[in-house]
Amino acid sequence: MDADSLQLIAQQLASLADDLRQNHDSSSGAVKQVDGLSMRLIYTRSDLIDTFNAMQDKAVHSIDALDCGERPPQAETQAKSQPGALKRGVRFRVVYDPVVFEREDLTRAMLESVRQGENARVSTNFTNRLLIRDREEFIVHTSTSSPSDYLAVQFTSPVLAEFINNAFAKVWDNALQVSNRKFETGTILEDDEIQILRLLAAGQKDESVARALGVSVRTVQRKIQNLQRNFGAASRFQLGAISARHLFVDRPESS
């Protein structure tokens, strides 16, 4: 199962929430029980943040999450409860969309979480955020493009959470690993060069890199050529592989 399959599951769950909302009490915070499945619709950002924090406070063993980086500039970049959960020994595995590299606040928050003990990887094709606690409950965050009037749905069902968690594990195994190491070559890099290498390692094309940096494609291509010379890379692909090994994104070790 790949990221697209997990994304389809999230969309189907959101569709289920829509159906239940139309046929049941849709007031904020109301819990609905359907065939052993507990579901709660979340309508406000403050409720969503409180629920994320509460789930991490309750976590005993694990938090697994998909993060598409879709949040307002003024929003919290790290859950307040995460540092405490990490200190308690809760295992955090988070798969980020490469869009996080396009915002400095998200990149810094991600690397700080990694420094504190979060296990982070990068993959693509996410439009929804997902958080799973202890294989017991999970939240599906709707996309901003969704016509739904709620922001997220909280599900409590160990059976369904176990299934979602197993699907997440497949995505995790195929994602790129994030680290907080520096290059080992001793080469001094400018901030924009580091950003280019991050984006190359995450599989971004020259046009996407240019948009992220606010420069022309020609400027990006010139800087990539300079980086290839500095690191002895024969091609753009090889440069991406070098940056994946030594900067912020590593290939996961094969088991």
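The values are calculated or read from the model by the stated rules, or taken from the named source; none is laboratory data. In this text the structure is predicted, and so the values were computed from the model without any measurement.
In the stretch 43-72, what residues are part of a helix (DSSP H, G or I) and among the acidic types (Asp, Glu)?
Initially, the stretch 43-72 is screened for residues part of a helix (DSSP H, G or I), giving 45-58.
Of everything in the stretch 43-72, those that are part of a helix (DSSP H, G or I) and among the acidic types (Asp, Glu) turn out to be 47, 50, 57.
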Just a yes or no: is a residue in the stretch 219-232 at pLDDT below 80 and under 19 Å from residue 121 (Cα atoms)? no
